[in-house]
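Below is one structure; the comments refer to it alone.
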Amino acid sequence: MQSNCMDKKAVYGVLGLLSFSFRLFLEFQSSIITGINGGYYPVQVRHVLEHGHLAMKDMPLVFYVNAFVVKVFAFILPSQPIDFIIILVIKILGALSISLLVFPLYKFIHHYLAYRLTKPFEYLILGFALFSFSSLCLGAEMMKNAYALVGFTYFIYFIIRFFKEKSNKYVLLSVFTLLLIGVTHFGVFAIALIFLLLFLICVYKVRAVVPILITSVIGFLIVWWLDPFRAFNAINIFEKWFGLPWRIAFYPAGIASFILSVFVVLMLFLTIRNKKVETSHKQMFTVFMWFIVLLSIPLLRFELWRRFNLMLFIPQLIALVLVFPYLKASYKKKFTVLLSVIIGVSVIFNLVFPKTNSISLDAYNDLSEMSNKILNPNETIIIVRHGLDWWVVWQLKTKMAQSHIKINDTITSKYDDILFLKQNKGHNDLYPGPGSPFFNPSIPENSILLYASDYFDLYKWSEK
């Protein structure tokens, strides 16, 4: 028995290392961080190192951890520039993030379940957690999401253990984990609260009213304290609710996740209707069913739908594990095939079409060439397209605003120089065509051209 346990741990360890290695390989396909917001983490981490706090309000934990690790690497590699070390550390910690899922999944499968999964199904569940479209998408650019999802997996595990054993230990662990998620990522914190509220409603019904109100208020206050802007967005989340645009065609991960959600929800629904299933199990299946439905509604506005779908693979795989003993042999075989296909296609897709930079390396290097045109970076704001914005802050150390911002008295009174950066080439639009958010700013009349190259034109705003 002990030997079998050690063998299982070895398999989990090997898959975790394989995941970390593959993710590290993907991260180092470029010398900068891939993704639309690739420059965001370097800007925040450098600001923590230089000023002791974030450049802009956000959930802080991951940035401070990165800053600490950067200091360790800087001590080990004193000859390397600090900017190089910052990007190096972010890539390494970004690659490590999702690979840590092997720990909560091992606890869930081997310390909670009263039955054994077949080896092929168990290892496919683990492979799906580490190599699905969503998990591979959560790289360095989305490190906060990734680490918070590891915490969310622990959170679900503690909630389920409490439901089974009614031990206060798991209440305390759940609260502690929820707080850690709260200082890590707003979106995952929000879905963790949704999961908790559904759990309270499905299990305790009317008695859940007071705990629900207390949980909602405390959760909102935590977000408001850390980032008032995100708290405001949470209040107004339903303002633009419907209308999934055509941009879904550029997001195969979301399509794959939605298809799997349909199958998982169907299996949960059929299992709930099975009279042989215990009431307590039906309650937990109901929680997962409604949770997956809420997060995968195909009528949500695109960005909200995309972000929710990135997080769905955790409840999907846990639901599959919980419902496993009630599945017919034919359904088990079908899910085994489906998971195998998703993992295989995902790995091949990421090798053939790896996540790209928001700007080309030549354009990235060209940004630094215009630094001598900026006399006072601290008093300068540059209006720039989405996707280029954070790399401008990283390279030029100015403030930035996106293309839709209009010049007004607030901006003119706050900054000595207002610049506009137009990108001519060397950019990658994740969603090209009409309606794309990656458009260049309009250059006002009487603006003065400060810098021109094949990649950029830099203009200075002038009232005359």
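Values in this text are rule-based calculations from the coordinates and carry no lab data. In this text, all values refer to a predicted model and were calculated from it rather than measured experimentally. Note that each Cβ is placed from the backbone with ideal geometry, even for glycine, and that neighbours are counted across all protein chains shown.
Place a point 7 Å from the Cα of K205 along the Cα-to-Cβ direction; which residues of the stretch 253-286 have their backbone N under 16 Å from it? 279-284, 286, by backbone N distance to the label point.
This ranking places R385, R116 by how few other beta-carbon atoms lie within 10 Å of each, fewest first, which gives R116, R385. Looking at the stretch 361-460 alone, DSSP beta bridges between its own residues are antiparallel in about 55 percent of cases. Since only L15, L96, I85 are under comparison, the one whose Cα sits farthest along the positive direction of the charge dipole of the chain, derived from C-beta charges on Lys, Arg, Asp and Glu, is L15. With helices as the sole contributors, the chain gives -20000 deg cm²/dmol at 222 nm; each DSSP H run of n ≥ 4 counts as -39500 (n - 2.57), and the sum is divided by every residue. Couplings for the stretch 98-104, taken from phi via the Karplus curve 6.51 cos²θ - 1.76 cosθ + 1.60 with θ = phi - 60°, read 5, 4, 6, 4, 4, 6, x Hz in order; Gly and Pro are left as x. Counting lysine pairs in the stretch 14-149 that sit 8 or more residues apart in sequence, or on different chains, and whose Cα atoms lie under 24 Å apart gives 8. Taking other residues whose beta carbon is less than 10 angstrom from the beta carbon of D362, and scoring Lys, Arg as +1 and Asp, Glu as -1, yields -1. Here the stretch 370-397 is scanned for amide nitrogen atoms under 20 Å from the site 7 Å beyond the Cα of T412 along Cα-to-Cβ, giving 379-384. How many angstrom separate the Cα center of the stretch 311-364 from the Cα center of the stretch 59-112? Cα centroid to Cα centroid, the span is 23 Å. Principal-axis analysis of the Cα atoms of the chain puts helix 119-131 at an angle of about 20° to the longest axis. If you line up the long axis of helix 329-352 against the longest principal axis of the chain, both from Cα atoms, how many degrees apart are they, to the nearest 10? It is inclined by approximately 20 degrees.
Fewest to most neighbouring Cβ within 10 Å: what's the order for E122, E50? Display every interim value, and only then the final one.
Numbers: E122 20, E50 12.
Listing E122, E50 from fewest to most nearby Cβ atoms yields E50, E122.
Rounded to the nearest 5, the antiparallel percentage of DSSP beta bridges internal to the chain is 55%.
For K164, the aspartates and glutamates whose Cα falls under 17 Å of its own Cα, not counting residues fewer than eight places away in the same chain, are E278. Checking every one of the trypsin sites (Lys or Arg not before Pro) in the stretch 307-355 against DSSP loop status and a limit of 10 other Cβ atoms within 10 Å picks out K328.
Note down the net charge around A95, summing +1 for each Lys or Arg and -1 for each Asp or Glu among other residues with Cβ under 15 Å from its Cβ. Could the numbers behind the result be given before it?
Numbers: positive: R23, K91, K144, K355; negative: E27, E141.
Combined, the nearby Lys, Arg, Asp and Glu give +2.
For K460, go through the lysines and keep the ones whose alpha-carbon is under 18 Å away, minus same-chain ones fewer than eight residues off. Excluding near neighbours in sequence, the set is K373, K397, K399, K406, K414, K422.
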